[in-house]
Every structure is written in structure tokens, then in C-alpha cells.
Amino acid sequence: MEHVWTARWIQDPRFSGLAPRDLLHPEHQPRDLPAHEPGLRNVHMLVRKEFDLPEPPGRAELLITADDYYLLYINGEFVGQGPAPAYHFRYNVNAWDVSDRLTAGRNVIAVHVYYQGLRNRVWNSADYRQGMLAELVVRTAAGGHVLVASDATWRMRISEAYRAGPIIAYDTQFAEDIDGRLLERGWQQAGFDDAAWTAPAERAVEQTDYTFVMQSTPPPAVYDVEPVEVRRLGQGRYRLDFGREITGRLKVRVAGPAGHRIEVRCGEELEPDGSVRYRMRCNCDYQDFYTLAGVDGEQVEFFDYKAFRYAEVLGAAGEVGAGDVRAIVRHYPWPDSAATLRTSNPVLDEIWAICANGVRCCCQETIVDCPSREKGQYLNDAAVSAHAHMLLTGDTRLTRKALADAAASGRFCPGLAAVAPGSFMQEIAEASLLWPVLLREYYLHSGDEAFLREMLPVLDGLVHYFQRHENEGGLLADLQEKWNLVDWPANARDGYDFDLSPRTGGQGCQCVLNGHYYRFLEAVADCRLAAGLDVARAWQRRRAAFTEAFTRTFQDSRTGLFVDAVGSNHSSLHANAMALCAGLVSPAALPAVLSLLQAKGMACGVWFASFLLQGLIQAGQSELAIYLMTRDDPRSWQNMLGEDATACFEAWGVDQKWNTSLCHAWAAGPVALLVEGMLGVQHVEAGWRAVRIEPRMPRMLQSVALQLPLPAGTLNVSYSRSGRLEICSVHLPREVRLVEPSRGPGCWQVRTADAARGAWLLERTRVR
């Protein structure tokens, strides 16, 4: 970030003499660090600065960041929150236009800075880097200039109201125990008496080890949502239902005497007696407490966000009605123009809806695996959820940031970390292999060649890393530095015959990993070609050699099926589905592979199901793919619907994994499969400058209507079928070119075209 800071880094004086702890390392090279100081966890630092403006401002911009996190208020009004989690060597700064928040006369900037102090998959915390930086530039209507910059003249106080409860899930957050009697009411307003507050410690920016960058994504959208139902369960006990899975925090107006203590529980399900299941399946105990101050109109408001549908208030001294309750929802901005899908199959429409809501809930400042247990940005999750997010919203910025976050982990982890950023180190081989696949997808959606070129050294580093683990045939073998995942949970691997024990497995040569490796090499070649590098011939040679080695190593000559690993005679769904998805199944072997997959059904987890269904659609088996997706079976998305899902689950059902999250966007594979697979909407030129549309609809679907946001506008596709005749109506933005379908018997043909209006009518007669 090319900015010369006038502001100083200010912080709780208790941190000013502490050297930052270096927590970043490859997973297989752990570091033995002293325990974090317990008294420096869950630190809520309140910071404020009052200042005068001689006249109303013309334009005012505030640059601000904090470690770990801030809530920003101007003159008592909430402005926003941030920054997005990041490594200290590329730390995010937010820019806020606060022109309409300031007034002539007295003003105040108030910032609630939170330092968590836990080592986990979301924050780079527990490193003793704490504090904030802010710089306000005001240009008055008369041309004057006012600068308000953080320094030791600001006032601070460590709030004692936010006491830490038990640590939740994978050291992800603290349960909250707030004492309303100790809250500093009115501190966000100008004129508040802060005489008892103290000065923060300060340092020049150059004295810190931060490198600041402007955050490339907008901050999360934050808004209030009312419950659809408030039900009284007993004396002082109320249950709230928000109608669907949401991410946010609760705000309740409760009356009662000072010192009265209430309990608030949140959860994704109800217990048989109708109470909220707050000890959730995903190992989160959403049980918080609040002690009343006894003031009029007291608002109970919690700090950290959760994933929930239901909430329960216990111990209320008076009545709690719908007007007393709000959820403060937060997620990455979701456009009004988000994609919509309507089909002749209600089950499919519901599957689309729970996948879309799962993506919305899991897209926060980063693309999290789930907004409850981990809140981590895993690459293998993002390969599915980021792809879906780009299709649903037309916004590619969050995916670009996910790619850049993972690339930054190369500074300390040559093969890239599986979850980044974060201070908990984890490496998964498939996650790293999927990075260039997602990079290619990002480029095709965005047309961002500059970023593609910027990432070429990361691609080169990844290729070099994995080449070190190739055997003589060019296949990956003995990759023990990273986990070999295959699928998750372990009971969804269809008896995969290879030692996948974390940290001790991975010795040998296995099929699924090499299927991913082929897709990795293909994506690397595509990215290099798109960047203008001459690699076509080299890739053709490598592709032929890899295909021959893969077939020779894993295909059973007796059955035509693919075995799980060298030395195994077991042919799992996963080995054969990945070979199919990667395009490594020959025409001669295709019948045997398809027969196996049809017999096994969805004998896999929800994440791997995306690869299975993608392979089936590529092989022309859309009928089987849609059947597996929608069938009434314990392993299908319809099973989630039968268990009252409002967001896609982490597993096929609530009891099919020991710690199931009921909001997990790695199960959102149907979004891309329906748009790109079934409807055949494909970007022919990067950035959606040209598209090809060739539906491959199963016979069970009579009609489909899709609205899809593109960079140049909205694409509308309407499909219908009558007997063997199929008709597809297409409307494109004027800047987008339609590439004519393939020619030949049974192919789609252009019946009418009006390119000036961006309207086409396609038809085909289906071959029996």
C-alpha cells in the first residue's frame, strides 16, 4: 500500500513491550512456543477521539485497520467492521467514505478493537500483535483540510464488561458473558466524559512489522432481521425462529432489575421438547449470558457472530415480543441481481435454494468452510463454494482474495497451506492441487489477466514442489508432508484402500491424488497459455505420458476399473469417479466405470460428490447425475431437505458425521453442475465476453429458467421440452457474443437470431 502514514499504531500498553510471536510454519515442521498469556486473551479495547470541524465536510475518508478486528462508529452511528483476516505481512486496510456521518462542530470517532488471542483457522491471533491504525482526511466545502490521525492523544479503555466464557469448537471463539453494569454507555457519542480513560501506547508504523495493503473486497453487509416467530415456552423463556440458517449475533430488549442474569442460547435445530439445541452437532455450545444493568430500554447485544436459525431467551423478567428481538445478520454483500433458477422439479429448486443460502452464509470476509466450528478459508472447500459464489453473484473479488490469501502462505509453506489466512497450520494435498483449478476458474469468470500473470510465480513454485514427489512415471508418490484427504469424513470413502492417517499416511502411490494431479497440471497449462506462454506442445507431451502412466498404474486389466492404489485390488467409487472427472477413462473402459458408479450411487461425501457428478455429466450421463442428486435416499441433497435443511449440510444427514455442521458450502456443488453442466452455459472467452449454451437436460426436467449475473449484465436462459423437441431461448447483454453450438446430428441449432437485441432461439430434436 503506497501511503505515507501520519497516524501512529496505537495499542493496549500491555502489548507494547511484547515481541510478536512467529506462529507460521509448515504443518510438518511444528514449533514449540510458550503458552499465550491468559490475561491477554479476549481483549476488548475501546478507543475514541473527539475533534471539531469548522464547517460541514465536503468529502471525508477514513482509512482504518485493527488487529484482530474493529467495529467503527462515527458520532454514535455504526459505520462498519473489519478488516478481513490476513497475515501481518499483507495486512488489510479499509477505506470508509464518512462524508455524511460528520457535521460542523464536535465529532467523535469511536472504535471497538477486539484481540482474541486464540490460535485458530480464521484469525492470525495469539501472536501479540494488537492495536489499531486510523487516519481521517476531511475536505471542507470551503476547501479546507482537516487530518485526524491515531496517536497517544486518543483515549482508550479496556472494557471489563466482556468476560470470556468457555472456548467454543476448534478454539474458534469464546462464549460470551457480558456484564451490562460495566458497559460504557454512550462512549460512541460526542460529549462523553472520558476523563478517566487513559492514553494508548503508540508506535510509528515503520516500527511495526506490518505491511499494509488496501483490502480488495468490500466489508460485510450488516443488517437487522426480525424473527418469523416468537414463542413463549414457559415463565421467562422464549424461543425465536428466524426461518432459515443465518450468520450473525442477537440483539434483545429485556427489562429487569440490575444484577438480574439472563441466558441466551442459539442453535441450528430444536430438541424434541421444542427447546433450542444449543449444544450443536458441530461441537459449538452456543450458550451466552448477560447481566442486566437495570436501565430503561436495555438492549442485550452480543459481540461475535454465530451460525444459527433458532435462539432461546431464558430468565426474562418481563414479556419478550417480536418487536424486542433482532438478529444482526452479516455476510459478504449479496446483490439483488443474484442468480435464480426455476425448474419443473420442486425438489431441484429447493436444492438450489439451500445451496445458495449455504454459500451466502459461508461467504464472510473470507470464504469460510462453515460459519460455526472452524470459520476457516479452506482451499478444498473454496474450490466448490467460490465457484458457486461467482456464478450466483457475478462478483469475483472474494475468490481473488481467497487465491491471494493462499498464495501468501507460500512465504512459509512452499506447497501452500490448506487454510489461509490463519494461525493454525494445516496442509492438505488436494487443497494445494485445487489452487490452480480455482485460479483458472477465476480467470474465466473475471478475465483478469493481470492477476493471472501476478500469480505465475506461485504456479511455478507449486509445480516445483509437487515435482519433487513424482515417481519415475511422473505420478505423485510418497507425499507424506501433506494429508491425503480423498474425501471427508473418513466413513464416506467407500473403503478406500490406502493409508490416509494424518501425518503418518501417504506412503505409496494412490489413484485419487493422481487424478487431482492431472487436473492440476491441466489447469497450470491453461493458466500459462492464457498468460501468453508457449507451453502447448510441452503440455501435449506431458498429457499423453501422464495418461499412459495413470492407466498402466491404476487400471485393472481384468475388470477395466481403476484400483485405489499401487498394490491394491479394491476399486472404490472415488478412484473411478476421479478418473472420470479428470478425463482419464478411455472409451473402452467407460462402460465398466459407469456401471460401477451407477451401482454404488452416492457412496461418498458431499464434497467429493461434486467431482462424481461433474464426471458423469461430462460423460453424457446427466440422467444419472440428476437422479443421484435428487433421489429419496440417505445420501442425497433431498435427504438434507427431508431433515429440514435451510442451508446445505456438511454431510448428507445430521447423523452421518460425528460433528456435522448444518451450514457448509462445500456441499454447494449443484449450483455449478446445474448452470454449466445441465444447462450447458459455458464461458468461451474469459470474462464472459463470449458464451456457448448447449443444454444437456435429463428427461425428468420439462422446463428450466435461469437468470445469471455476468460482468456486462444479466444472462437469461429458458429451456422447455415437448416430446423429442427441445427449445432454448437465450437473452444476452449486448456486449456478450453467443458462439454457435456444435454441428451434427442431435446437436443444437440456431432457429432465430437477433444479435442487436441479444436474443436467440435454439432448438434440437433429441436423438432416441
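Each Lys or Arg adds one and each Asp or Glu takes one away; over the other residues whose Cβ falls under 13 Å from the Cβ of Arg751, this sums to -3. Ordering Ser742, Tyr518, Pro698 by the projection of their Cα atoms onto the charge dipole of the chain, which places +1 on the Cβ of Lys and Arg and -1 on the Cβ of Asp and Glu, puts Ser742 at the extreme positive end. Shown here are the Rg and Dmax of the Cα trace of segment 177-258, at 20.6, 59 Å. Take His25, project a point 7 Å from its Cα along the Cβ direction, then tell me which residues of segment 453-476 have their backbone nitrogen under 15 Å from it. Zone members listed by number: none at all. Please give the net charge around Ile428, taking every other residue with its beta carbon less than 15 angstrom from that of Ile428, where Lys and Arg add +1 and Asp and Glu add -1. Charge balance near Ile428 sits at -4. Per-residue Karplus couplings for segment 428-441, computed as 6.51 cos²θ - 1.76 cosθ + 1.60 with θ equal to phi - 60°, are listed in order as 10, 4, 4, 4, 5, 5, 7, 4, x, 5, 6, 4, 4, 5 Hz, Gly and Pro entered as x. Spacing of the modelled spin labels on Ser718 and Thr765, each 7 Å from Cα toward Cβ, amounts to 2.5 nm. Hey, quick one: spin label on His570, modelled 7 Å out along Cα-Cβ, who in segment 529-557 has an amide N within reach, i.e. under 19 Å? Zone members listed by number: 554-557. Normalising by the residue count of segment 540-658, find the relative contact order in percent from Cα pairs under 8 Å and 6+ residues apart. For segment 540-658, the relative contact order is 17 percent. Here the spin labels are modelled as points 7 Å beyond Cα on the Cα-Cβ line, and at Arg342 and Ala199 they lie 6.5 nm apart. Restricting the count to DSSP beta bridges whose residues both fall in segment 617-761, what percent are antiparallel, rounded to a multiple of 5? Among the beta bridges of segment 617-761, antiparallel pairing accounts for roughly 95 percent. Its Cα centre serving as origin, segment 663-768 has a Cβ charge dipole (Lys and Arg +1, Asp and Glu -1) of approximately 380 debye. Segment 522-538 and segment 374-432 have their alpha-carbon centroids 22 Å apart.
Couplings 3J(HN,Hα) of segment 128-144, computed from phi: 6, 8, 9, x, 7, 9, 8, 8, 10, 10, 10, 10, 6, 4, 7, x, x Hz, in residue order, whole Hz [Karplus 6.51 cos²θ - 1.76 cosθ + 1.60, θ = phi - 60°; x for Gly and Pro].
Between rounded, prolate and oblate, where does segment 169-214 land on the alpha carbon gyration tensor, with a ≥ b ≥ c its root eigenvalues, rounded for a/c under 1.5, else prolate if a/b exceeds b/c? Oblate. Using Cβ point charges alone (K and R +1, D and E -1), the dipole size of the chain about the Cα centre works out to roughly 1720 debye. The share of C-alpha pairs in segment 602-663 whose separation exceeds 19 Å stands at 28 percent. Tell me, how many Å apart are the Cα centres for segment 126-148 and for segment 700-768? Cα centroid to Cα centroid, the span is 52 Å. To the nearest ten degrees, helix 536-554 and the longest principal axis of the Cα atoms of the chain are 80 degrees apart. Could you work out how far helix 379-393 tilts from the main Cα principal axis of the chain, as a 0 to 90 degree angle to the nearest 10? Roughly 90 degrees between the two axes. Computed over segment 378-446, the quotient of the alpha carbon radius of gyration and 2.2 N^0.38 Å is 1.04.
Amide H contacts for Val276 (H built 1.01 Å from N in the peptide plane; partners 5 or more residues away or on another chain; cut-off under 5 Å): Glu271. Peptides 530-537, 373-380 ranked from most to least packed by the mean count of surrounding Cβ atoms within 10 Å: 373-380, 530-537.
Ranking Ser729, Ser622 from most to least accessible surface, computed with a 1.4 Å probe over the protein chains only, gives Ser729, Ser622. Estimated purely from DSSP H runs of n ≥ 4, each contributing -39500 (n - 2.57), the mean residue ellipticity at 222 nm for the chain is -7000 deg cm²/dmol once divided by its residues. Listed values for segment 567-581 are Karplus-derived 3J(HN,Hα) couplings in whole Hz (6.51 cos²θ - 1.76 cosθ + 1.60, θ = phi - 60°), namely x, 9, 10, 9, 10, 7, 4, 5, 4, 6, 5, 5, 4, 5, 4, and x replaces Gly and Pro. Atom-type composition of the exposed protein surface of segment 383-494 places 48 percent of the accessible area on carbon and sulfur (1.4 angstrom probe). Of all lysines in the structure, the ones whose alpha carbon falls short of 29 Å from that of Lys306, not counting any fewer than 8 places away in one chain, are Lys251, Lys375, Lys401, Lys657. Just going by the charge dipole of the chain, with Lys and Arg at +1 and Asp and Glu at -1 on Cβ, which of Ser572, Gly236, Val122 is farthest out on the positive end? So the residue we want is Ser572.
Name all residues of segment 113-145 having a backbone nitrogen under 20 Å from the label point set 7 Å from the Cα of Asp32 along its Cα→Cβ direction, giving them as ranges. Of the residues in segment 113-145, none has backbone N under 20 Å from the label point off Asp32.
Helix 590-600 and the long axis of the chain differ in direction by around 50°, with both axes built from C-alpha atoms. Per residue, segment 146-195 exposes an accessible area of 45 Å² to a 1.4 Å probe, with every protein chain left in place. Across the options Leu679, Val329, Ala490, the greatest Cα extent toward the positive end of the charge dipole of the chain (unit charges at beta carbon of Lys, Arg, Asp, Glu) belongs to Leu679.
When both bridge partners sit in the chain, DSSP labels roughly 95% of those beta bridges antiparallel. Basic side chains Lys and Arg get +1 at the Cβ, acidic Asp and Glu get -1 at the Cβ, and with that the dipole of segment 1-142 about its Cα centre reaches some 200 debye. Between Asp100 and Asp556, the contour length at 0.36 nm per residue exceeds the Cα-Cα span by 157.2 nm. Of interest is the spacing of the C-alpha centroids, which for segment 483-500 and segment 41-96 amounts to 45 Å.
Using a 7 Å offset from the Cα along the Cα-to-Cβ direction at both Met700 and Glu269, what is the distance between the two label points in nm, to one decimal? In this crude label model, Met700 to Glu269 measures out at 2.6 nm. Considering all C-alpha pairs of segment 441-554, those separated by over 20 Å amount to 49%. Convex hull volume per residue, computed on the Cα atoms of the chain, equals 173 Å³.
The values are calculated or read from the model by the stated rules, or taken from the named source; none is laboratory data. Only a predicted model underlies this, so the values are computations on that prediction, with no experimental measurement involved. Neighbour counts run over all protein chains shown; Cβ positions are idealised from the backbone, glycine included. Calculation scope for accessible area: heavy atoms of the full protein, side chains included, ligands and nucleic acids excluded. Shrake-Rupley method; radii C 1.70, N 1.55, O 1.52, S 1.80 Å.
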